[in-house]
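These notes concern the structure reproduced below.
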Amino acid sequence: MSSGIRFDSVSVAYGKNVVLDALDLVVEPGEVMALLGPSGSGKTTALRAVAGFVQPVSGRVLIGGRDVTSLPPHRRGIGMVVQQYALFPHMKVADNVAFGLRAQKVAKGEIAGRVAEALEMTGMGAYAGRYPRELSGGQQQRVAIARALAIRPGVLLLDEPLSALDAQLRSGMLAELARLHRELPDVSILYVTHDQVEALTLADRIAVMDKARLQDCGTPQDLYRRPRSEFTASFVGNANLLPVEVGSGGSVSFGGTPLEVATDEIAVGAKATLCVRPHLVGLGEGPNALSGSIAEVQWRGSTHRLYVDVGGHRIKADLRELRVTPALGDEVTVHFAADDAVLLAAGVGGSDV
């Protein structure tokens, strides 16, 4: 089936409540696009518009270049996997996977082979004769994915597919989804999640959503290393966001302390926000040094996270497990390299994001 998705100024509203506002976005054939954002950001509404479960009040949805805005879901050539598996409890695994094929009136002689192919692809070939209640949560989700793949869709929609799994199962399923993506290079995948790790791990590009609108879009590396807004910086990864004033000659001032960073085209005297990722903050003397006191210490196994109070702003530093842990109230110095900081012109941001 045809691949690729295009949102052409798509808006969805319930009465006067706009839940998706003029979305323009293209998912290329074979691309994994993650829609990332908080609850109520519009990401699930966008996916449901592609599926045909909600009708836009304006704009068009195209799949493989074909306008499907007015088509019912079963005529769109899509596979879909939702959070709660949605398997039929009275059907064995093979029958669950065959359900979509029978609905599409695929020839009976072809169904068994397609079911076996989809189950093998998801590592569930040995479980065809079991009922959903006899499977773990991760196994049930694999069956749901197999059912979506059995119809050989051009577009695969994944709506928070891992959120019901525990951390270990989620990690394993992320690896499986990455493998499936490699084996299905022509299938476009739209992946809705509020989990930044899932988006960073799987996506070719991430569309960041908030308040019903698209806020940013780019590769995971670009959005993480060089975010273009405070919202992107805080939602894609973790960030220190510090209010600064731009000086001359590539310097800024934070609470009266001069710091050297790339100011690009931001005007001298302008208010801005300095973004530094916690793992790029070091402990001790170095470039762009800031002194403060330990406000909190969190042990995270392989790392310690220090919260350092600097002039009323908490700066987070993620450090490899420390042999000697500083105590609350200890005076310390943290630092970061100029190349590791990004200056954002979108106003002042809070440092506790």
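The values are calculated or read from the model by the stated rules, or taken from the named source; none is laboratory data. In this text, all values refer to a predicted model and were calculated from it rather than measured experimentally. As a convention, Cβ positions derive from the backbone with ideal geometry for all residues, glycine included, and neighbour counts pool all protein chains shown.
Listing for the model above:
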| quantity | calculated |
| --- | --- |
| Which numbered condition HIS335 misses (of (1) without any contact (Cβ under 8 Å) to a residue 60 or more places away in the chain; (2) farther than 20 Å from ARG225 by Cα) | (2) |
| Candidates VAL81, VAL106 - the one that is over 30 Å from the mean Cα position of the chain (by Cα) and β-branched (Val, Ile, Thr) | VAL106 |
| Any strands (runs of 3 or more DSSP E) falling wholly within segment 1-117 and containing at least 2 residues that are touching a residue at least 40 places away in the same chain (Cβ under 8 Å) and within 16 Å of ALA207 (Cα to Cα) | 5-14, 17-27, 32-36 |
| Complete set of residues in segment 176-208 that are under 11 Å from the mean Cα position of the chain (by Cα) and of a type in the set (Lys, Arg) | ARG205 |
| Contacts under 7 angstrom Cβ, first residue in segment 129-157 being without any contact (Cβ under 8 Å) to a residue 24 or more places away in the chain, partner buried (at least 17 other Cβ atoms within 10 Å of the Cβ), 6 or more apart | GLN139/MET124; GLN139/TYR127 |
| Residue match in segment 262-281 (condition: without any contact (Cβ under 8 Å) to a residue 24 or more places away in the chain and in contact with a Ser or Thr (Cβ under 7 Å, 6 or more places away or on another chain)) | yes |
| Which listed residue, of GLY286, GLY250, is farther than 13 Å from VAL334 by Cβ and more than 30 Å from the chain's Cα centre (by Cα) | GLY250 |
| Residue within segment 205-215 that is touching a His at 6+ places or on another chain (Cβ under 8 Å) and not hydroxyl-bearing (Ser, Thr, Tyr) present | no |
| Qualifying residue in segment 149-164 (condition: surrounded by fewer than 16 Cβ atoms within 10 Å (Cβ to Cβ), among the small types (Gly, Ala, Ser) and either in the same structural domain as PHE53 (by TED's automatic domain parsing) or touching a His at 6+ places or on another chain (Cβ under 6 Å) (or both)) | yes |
| Subset of segment 279-325 (residues that are exposed (fewer than 13 other Cβ atoms within 10 Å of the Cβ), charged (D, E, K, R) and under 22 Å from ALA338 (Cβ atoms)) | GLU285 |
| Residue in segment 52-64 that is crowded, with 23+ Cβ neighbours inside 10 Å, at pLDDT 95 or above and either touching a Phe, Trp or Tyr at 6+ places or on another chain (Cβ under 9 Å) or polar (S, T, N, Q) (or both) present | yes |
| Residues of segment 118-170 satisfying the condition of being among the small types (Gly, Ala, Ser), in a loop (DSSP other than H, G, I, E, B) and touching a Leu at 6+ places or on another chain (Cβ under 9 Å) | ALA128, SER136 |
